[in-house]
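First up is the structure itself, then whatever we jot down about it.
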Amino acid sequence: MDDDALMGQAIAAARLARPRSSPNPWVGAALLGPDGSLVLGATEPPGGRHAEIVALDAAGPAARGATLATTLEPCAHHGRTGPCADALIAAGVNRVLVGVEDPDANVAGRGVERLRAAGIDVTVGVRAAEVADQLAAYLHHRRTGRSYVVLKLAATLDGRTAAPDGTSQWITGPAARADGHRLRAESDAIVVGAGTVRADDPALTVRHVPGRDPRRVVLGRAPVGAQVHPCLEWSGPVGPLLDRLGCDGVVQVLVEGGATVACQLLADDLVDRVVCYLAPAVFGGDDALGMFHGPGAPTIGALRRGRLVDVHRLDDDLRVVVDLRPNPHKETP
């Protein structure tokens, strides 16, 4: 198995950790033994084992002389668990492949340095662009201290979210709705405007997939008795809110509405990723409600252009993922 394929196994393993590991990074590891045996590891919930340790424990003596691929640089400090770099050295691993270095101040290259000082062959940057997309929220949080913002939208092909009379359930099908709840489970907090709370009275809980409920935040005042309680009610600019949430360990914030909030966050350059679910339906007019309410780009040159990360079919619907920030590991043509 070549380096890219082994890192691909680690990337796949990391998906298992995504809903459970935050605020720790959702890391995957793949260990290829000298005898050709392969074991995988994924980060456990906070306080549990890191991905590299899960793989080492599964491999046992077969780790000696092995090659291990890990999506994120192994840690080199004592936290809730011991340093993964030391465990790799003690296990006798011969070679380590790293997707991206960890920008966390406690790591930041020290893990790679420790492995190399022990004589382990280390290659950094294997499938780095793909790993950086998978870890985008974590990397952003560690570099900036601010929560990563995902704006979730659901619309018809002509960009409409509700009929002129305000009715909107359901534009997308069950598979897309379940995937939206997966996004909730992967997020540490969910943000909506007070207008959405008054109009729809959403619970903002995770229901269609396994996972924990995110912290609920309302921009404005939520009516007494609304299902969103208990929640944090916030008035004022959203930037300071993201800083506060980031300090509280909120790595990813999911914004679910409404159209005025979505428009304002884009105008303030606070959206990092857009996840849009498109249904094969059209309203066919200009009187249905759109995804955004408020002034947009005044000229074609002022368009917010992003980078297409993923397009995936969910039964009859499409999920389109666009990053509005550059991936520093993505090669430009």
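The values are calculated or read from the model by the stated rules, or taken from the named source; none is laboratory data. Everything quoted here is computed from the prediction, not taken from an experiment. So basically every Cβ, Gly included, is an ideal-geometry build from the backbone, and we count neighbours across all protein chains shown.
Numbers for the structure displayed
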quantity: Filter pass, Val209 being at pLDDT 95 or above and closer than 25 Å to Asp310 by Cα; calculated: no
quantity: Lone unmet requirement of (1) farther than 17 Å from Ala51 by Cβ; (2) surrounded by fewer than 22 Cβ atoms within 10 Å (Cβ to Cβ); (3) hydrophobic (A, V, I, L, M, F, W, C) for Ala154; calculated: (2)
quantity: Scan of segment 201-222 for residues that are buried (at least 17 other Cβ atoms within 10 Å of the Cβ) and closer than 22 Å to Ala155 by Cβ, ordered by number; calculated: Leu204, Leu219
quantity: Within segment 167-199, tally of residues that are buried (at least 19 other Cβ atoms within 10 Å of the Cβ) and either assigned to a loop (DSSP other than H, G, I, E, B) or free of Cβ contacts under 8 Å to residues at least 12 places away in the same chain (or both); calculated: 4
quantity: Matching helices (runs of 4 or more DSSP H) fully within segment 1-112 where at least 2 residues are touching a Ser or Thr at 6+ places or on another chain (Cβ under 6 Å); calculated: 3-17, 51-59
quantity: Residue count for segment 107-123, restricted to those that are under 28 Å from the mean Cα position of the chain (by Cα) and exposed (fewer than 15 other Cβ atoms within 10 Å of the Cβ); calculated: 3
quantity: So Val126, is it assigned to a loop (DSSP other than H, G, I, E, B), aliphatic (A, V, I, L, M), surrounded by 14 or more Cβ atoms within 10 Å (Cβ to Cβ) and modelled with pLDDT under 95; calculated: no
quantity: Hits in segment 312-326 (condition: under 28 Å from Leu242 (Cβ atoms) and surrounded by fewer than 18 Cβ atoms within 10 Å (Cβ to Cβ)); calculated: His312, Val320, Val321, Leu324, Arg325, Pro326
quantity: Wholly within segment 202-270, strands (runs of 3 or more DSSP E) carrying at least 1 residues that are without any contact (Cβ under 8 Å) to a residue 60 or more places away in the chain; calculated: 215-219, 232-234
quantity: Filtered residue count, segment 113-123, keeping only those that are part of a helix (DSSP H, G or I), out of contact with any strand residue (DSSP E or B) (no Cβ under 7 Å at 6 or more places or on another chain) and among the hydrophobic types (A, V, I, L, M, F, W, C); calculated: 1
quantity: Residue check for Ala189: assigned by TED's automatic domain parsing to the domain that holds Ala259, in contact with a Ser or Thr (Cβ under 9 Å, 6 or more places away or on another chain), modelled with pLDDT of 95 or more and of a type in the set (A, V, I, L, M, F, W, C); calculated: yes
quantity: Qualifying positions in segment 276-311 - exposed (fewer than 11 other Cβ atoms within 10 Å of the Cβ) and in contact with a strand residue (DSSP E or B) (Cβ under 8 Å, 6 or more places away or on another chain); calculated: Leu308
quantity: Out of Ala51, Ala66, sole residue that is modelled with pLDDT of 95 or more, closer than 15 Å to Ala12 by Cβ, crowded, with 21+ Cβ neighbours inside 10 Å and in contact with a helix residue (DSSP H, G or I) (Cβ under 9 Å, 6 or more places away or on another chain); calculated: Ala51
